[in-house]
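What follows is a short report on a single structure.
The values are calculated or read from the model by the stated rules, or taken from the named source; none is laboratory data. Worth saying up front: this structure is predicted, and the values here are computed from it rather than measured. All Cβ positions, glycine included, derive from the backbone under ideal geometry; neighbour counts span all protein chains shown. Surface accessibility is based on the protein's heavy atoms, side chains included, excluding ligands, DNA and RNA. Shrake-Rupley method; radii C 1.70, N 1.55, O 1.52, S 1.80 Å.
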Amino acid sequence: MNLRFARVLMCLLLILPAARAFGVQPPAEPDHRLDWWREARFGMFIHWGLYAIPAGEWDGKKVPGVGEWIMHNGHIPRDDYATLVPQFNPVKFNADEWARIAKDAGMKYLVITTKHHDGFCMFDSKFTEYDVMATPFKRDIMREISDACRKYDLKTGWYHSIWDWHHPDASGPTFDEYAKVLEKQVDELLANYGPIDIMWFDGEWIPEWTEERGRDLYEHIRKVAPAVIINNRVGKGRGGMAGLHDPSQNVGDFGTPEQEIPGQGIPGYDWETCMTMNDTWGFRKDDHNWKSARTLVRNLIDTASKGGNFLLNVGPTAEGLIPSESVDRLHEVGQWLSVNGESIYGTSAGPFKRLEWGRCTSRGDRLYLHVFDWPSDHRLVVPGLLNDVISATIVGDSSGAPLHTSRRNESVLIDLPARPINDIATVIALNIVGQSRVVAIPLRQSDDGSIALRAVDANVIGFTARYESGGGKDNIGFWTDPNDVVTWQFEVTRPGRFRVVMSESCPADTADTLVAVRIGNTELTTRVSPTQGWTDFTNLELGEVTIPVVGTCDVRVEARGKPALAVMNLRSITLQPIDSR
Ligand code: FHN
């Protein structure tokens, strides 16, 4: 067997779907109920309720945290908060306008809060007086929203909180009574507003709610409305903000990471990340920290490139208006999608673990290369793509001029024009022969013999630790399970002795975990050193290691003890030659 074929074979074996690396198996057969949802890829999240009135302030004082949590964070007594009911009169609310904004943004579905944790129902419920019909507004908002969604061909989703700060039975010994009301309100929401497509539960983390209750509610919904899809927060499977679960253990049709995009997605699983456009879900008058349209488009691309959906939030005002900052950004996202939508809708995760210059989505024998960083030499390197190329064109280029492609070892090269046609992301449609076959380009030492094993190239065995990037992070994070393991493998072409340095970050209140770094047959241990925070990295000298011969070398980082919160954020392991042959 020649070396090149051996290398290809070895690398092909390396590309186990990340799901198996997490130690769980993807569902054998995808549930076709979700086919429209997978096609959709992009939805609008709406957090709207009484909390839009105070908008982050109570009794003239700012209340910290997200707008919809003001009752909790402001320690506002139940009856004081209820004084908002006679004030709720959103005279500028226009469901048609909201649906049109979502449609214009290229969104395919909408999920709106029917009831958030504050317990106030934004629909006409027979099971409570604490609802929109008790306000001067006296209109059933969910009726108007569902009608507008159908008019604009948007699928309709209801967000409904299990946690309820208002209902007297919603905690403690009378919880069973509350659970009955919860189910009856779900029945109302599924029966009174025409066909509903999504039930999006939240607030499941309360002790009174159990996986068993969640499974019962899931089965009940499936009986009364078989086509509805239900998120994993109906049960207890969401692992914190990671939002992902093991379908063989927990109930729910899709995982729900929040305010983050899982570093490598979870091949074979359905998941949707929900994110705010600023820092709050419910409207806050003082939150002006808006993400740019560029960031929003690239988050959508990044999510789709990992096989996920993007649920992007707006928090309307007490008058019933979506903030203009949100509307402007959504319009820009819609403009990008109006040209490049084929590279998002109905696509699946791309086959590459990492691309220096952007992301990739796929559909059958077509790859969509989303170029964020236009190469200065106008030559795009597509690493490890073994397929022959049929053609390459730029999506949205009216001339349709074909791009010249060539091959260099395991990589495809694409000659690009001097300038991108879109600075946020220019998309190249690459037609290839057959389903994509990609080899991981082995990690190799630099010419001086050094090697930096970076987080983005690591393999993670486990279900919590995973690669995260952006906002000063480029590391393995969320490492809360000490049984999770981080590994690399690299090709040794220059054996010798090496200094080993680990780059990590860890706030003092969770530092000090003992970790072991095994390189070949040598194990080095250290205690995680405290830093100023999760994005404040420090370099720890671990000691020296000898790599005696040419070949491959395995590196494995494990925790040797349970951390107070998380083991650490691991950015890299670097080997610096002391003397290499
Ligand atoms: O506590 C809620 C929060 O207010 C918001 O609704 C987010 C959106 O998914 N969900 C919960 C936090 O995970």
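Output the residues belonging to the stretch 182-214 that are open to solvent by 30 Å² or more (accessible area, probe 1.4 Å) and part of a helix (DSSP H, G or I). Listed by number, the residues that qualify are 183, 184, 187, 191, 211, 212, 213. Taken over the stretch 564-577, residues that are modelled with pLDDT under 95 and either hydroxyl-bearing (Ser, Thr, Tyr) or open to solvent by 10 Å² or more (accessible area, probe 1.4 Å) (or both) amount to 2. Candidates 228, 224: the one that is of a type outside the set (Lys, Arg), closer than 24 Å to residue 156 by Cα, away from the ligand (no atom under 16 Å from the Cβ) and open to solvent by less than 10 Å² (accessible area, probe 1.4 Å) is 228.
For residue 272, the test of being open to solvent by less than 20 Å² (accessible area, probe 1.4 Å), charged (D, E, K, R) and either within 16 Å of the ligand (Cβ to nearest atom) or over 23 Å from residue 200 (Cα atoms) (or both) is passed.
Residue pairs whose Cβ atoms lie under 7 Å apart, separated by 6 or more positions or on different chains, with the first residue in the stretch 57-84 and within 20 Å of residue 288 (Cα to Cα) and the second part of a loop (DSSP other than H, G, I, E, B) and among the acidic types (Asp, Glu), are 62/286.
Among the residues of the stretch 437-464, those identified as open to solvent by 60 Å² or more (accessible area, probe 1.4 Å) and part of a strand (DSSP E or B) are 444, 454, 459, 461.
Against the list (1) closer than 19 Å to residue 360 by Cα; (2) surrounded by fewer than 17 Cβ atoms within 10 Å (Cβ to Cβ), the condition residue 419 fails is (1). Residues of the stretch 377-395 that are on the phi > 0 side of the Ramachandran plot and more than 27 Å from the chain's Cα centre (by Cα): 378 alone. Each residue in the stretch 542-563 was checked for being surrounded by 12 or more Cβ atoms within 10 Å (Cβ to Cβ) and in a strand (DSSP E or B), and 14 pass. Six or more apart or on different chains, Cβ atoms under 6 Å: show the pairs whose first residue is in the stretch 110-122 and modelled with pLDDT of 95 or more and whose second is near the ligand (Cβ under 10 Å from one of its atoms) and open to solvent by 10 Å² or more (accessible area, probe 1.4 Å). Matching pairs, first to second residue: 117/163.
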